[in-house]
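Undergrad: Sharing a structure with you now.
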Amino acid sequence: MQFDRRQFVTLVGGAAAWPLAARGQQAAMPVIGFLHPSSDTLPERLRGFRQGLKETGYVEGENAAIVYRWAEDQLDRLPELLAELVHRRVAVLVTVGNATTLAAKATTTIPIVFIVNEDPVRLGLVANLARPGGNLTGINFFAGELAAKRLEFLREFVPAATRGAVLVNPTNATTAESTLKDVALAAPPMGLQIRVLQSSTRREIDAAFDTFARERPDVLFVNPDPLFLSRRVQLVHLASRHVVPASYGSREYADIGGLMSYGPSLFDGYRQTGVYAGRVLKGTKPADLPVIQSSKFELVINAQTATMLGLTVPASLLAIADEVIE
């Protein structure tokens, strides 16, 4: 992660030590801080978050306020944005993604509800899943642990594949490293040799695809990462232009022409995050809210893209797909 943790501790150190009495002097309408590492391009997910809040009795603008901060894929902005939310004296802080949540650990007094794509115990966010302890709890939606299954589905699409490329964002080091570890274990038994491509900007994504003209991969695995999600139109366009079958971690890619996505239902994950934020506003401590692990996963196949790539959707995948886009 490319941010200065010490800088953030300095910025929020005073705020983290506020006496409880001062914290209690908030306005009658509680304020929720919402921090995302990317940009405001996910209306469906936000709809899920607001639905979860509504299920616990809170409606934005009526009896709760939400202050949004977007890092616009610049992780070095996280300390500044976190400090802004802390100094707003938010009643609960919602953090999206591994890098954001790891940064937010610097404060220990504000309740934090996170949504991350890896085991939060392994990340050091909570003591255990059943009783998190401390001031953090939230949702683990398992995107990082599904690499083997996604590769398996991609291989079914292209059974003759022997060369694969994996696209990761090096600035989101925790997620990139765990994905590469999972892929390195899963690929050899499938007969796949993996080449790692690293991109953290629009131009670097273009450059990564430019290498396909020289070293043409049979398949492409795009790592679940907020940066790539915000650049999904670019990624799907390039995969189509280079005629490479690609697998993605969420349905937003398949909806706009990506070949296939497999991952958790992020609408449901955000809804559960909203429910937990609402419960915290009602007085429940994060330490008493067990971490929720996603159990709803969806396979979405874009049959039009398969045809464009000269592929036939395997019957085995048709049988289990949650949705086939014709």
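Undergrad: Being in contact with a strand residue (DSSP E or B) (Cβ under 7 Å, 6 or more places away or on another chain), acidic (Asp, Glu), farther than 30 Å from Thr137 by Cα and not assigned by TED's automatic domain parsing to the domain that holds Gly52 narrows it down to one residue among Asp206, Asp210, Asp218; which is it?
TA: Asp218
Matching residues to (1) of a type in the set (Gly, Ala, Ser); (2) under 24 Å from Ala306 (Cβ atoms); (3) at pLDDT 90 or above; (4) buried (at least 19 other Cβ atoms within 10 Å of the Cβ):
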{"position": "Gly138", "(1), (2), (3), (4)": "yes, no, yes, yes"}
{"position": "Gly144", "(1), (2), (3), (4)": "yes, no, no, yes"}
{"position": "Leu154", "(1), (2), (3), (4)": "no, yes, yes, yes"}
{"position": "Gln193", "(1), (2), (3), (4)": "no, yes, yes, no"}
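Undergrad: Right, here's the next one. Could you grab the pairs with beta carbons closer than 9 Å, sequence gap of 6+ or different chains, first residue in the stretch 198-218 and within 19 Å of Pro170 (Cβ to Cβ), second one of a type in the set (Gly, Ala, Ser) and part of a helix (DSSP H, G or I)?
TA: Gln198/Ala176; Gln198/Ala208; Ser199/Ala207; Ser199/Ala208; Phe209/Ala239
Undergrad: May I pose another question? Let me spell it out: the conditions are (1) of a type in the set (Lys, Arg); (2) more than 19 Å from Ser230 (Cβ to Cβ); (3) in a helix (DSSP H, G or I), and Arg45 meets all of them except one. Which number is the exception?
TA: Among (1) of a type in the set (Lys, Arg); (2) more than 19 Å from Ser230 (Cβ to Cβ); (3) in a helix (DSSP H, G or I), the lone unmet condition for Arg45 is (2).
Undergrad: Which of the residues spanning the stretch 31-49 are over 28 Å from Asp76 (Cβ atoms) and surrounded by 19 or more Cβ atoms within 10 Å (Cβ to Cβ)?
TA: The answer is Gly48, and nothing else.
Undergrad: Going by the structure shown, is Ala160 out of contact with any helix residue (DSSP H, G or I) (no Cβ under 8 Å at 6 or more places or on another chain) and within 18 Å of Val219 (Cα to Cα)?
TA: Considered against the rule, which asks whether it is out of contact with any helix residue (DSSP H, G or I) (no Cβ under 8 Å at 6 or more places or on another chain) and within 18 Å of Val219 (Cα to Cα), Ala160 comes out as yes.
Undergrad: What is the residue count in the stretch 1-35 for residues that are modelled with pLDDT under 95 and either assigned by TED's automatic domain parsing to the domain that holds Val168 or within 23 Å of Gly97 (Cβ to Cβ) (or both)?
TA: Going residue by residue through the stretch 1-35, those that are modelled with pLDDT under 95 are 1-29.
When the remaining residues are screened for being either assigned by TED's automatic domain parsing to the domain that holds Val168 or within 23 Å of Gly97 (Cβ to Cβ) (or both), the result is 1-12, 15-16.
Result for the stretch 1-35: 14.
Undergrad: Go through (1) without any contact (Cβ under 8 Å) to a residue 60 or more places away in the chain; (2) more than 30 Å from Val113 (Cα to Cα); (3) over 24 Å from the mean Cα position of the chain (by Cα) for Gly257 and report which single condition fails.
TA: With (1) without any contact (Cβ under 8 Å) to a residue 60 or more places away in the chain; (2) more than 30 Å from Val113 (Cα to Cα); (3) over 24 Å from the mean Cα position of the chain (by Cα) applied to Gly257, the lone miss is (3).
Undergrad: Same structure again: Return yes or no: is Ala176 modelled with pLDDT under 90, assigned by TED's automatic domain parsing to the domain that holds Glu152 and more than 24 Å from the chain's Cα centre (by Cα)?
TA: So Ala176 does not fit the description; no.
Undergrad: Scan the stretch 266-306 residue by residue and report those that are without any contact (Cβ under 8 Å) to a residue 40 or more places away in the chain and under 17 Å from Val324 (Cβ atoms).
TA: The one that is without any contact (Cβ under 8 Å) to a residue 40 or more places away in the chain and under 17 Å from Val324 (Cβ atoms): Ala303.
Undergrad: So which residues in the stretch 105-122 are buried (at least 20 other Cβ atoms within 10 Å of the Cβ) and under 16 Å from the mean Cα position of the chain (by Cα)?
TA: Passing the criteria: Val113, Phe114, Ile115, Val116, Asn117, Glu118, Pro120.
Undergrad: Applying the selection to the stretch 209-242, what residues are among the aliphatic types (A, V, I, L, M), modelled with pLDDT under 95 and more than 21 Å from Gly97 (Cα to Cα)?
TA: Ala213 - this is the single residue of the stretch 209-242 that is among the aliphatic types (A, V, I, L, M), modelled with pLDDT under 95 and more than 21 Å from Gly97 (Cα to Cα).
The values are calculated or read from the model by the stated rules, or taken from the named source; none is laboratory data. This structure is a prediction, so every number in the text was calculated from the model and none was measured. Note that we place each Cβ from the backbone using ideal geometry, even for glycine, and neighbour counts take in every protein chain shown.
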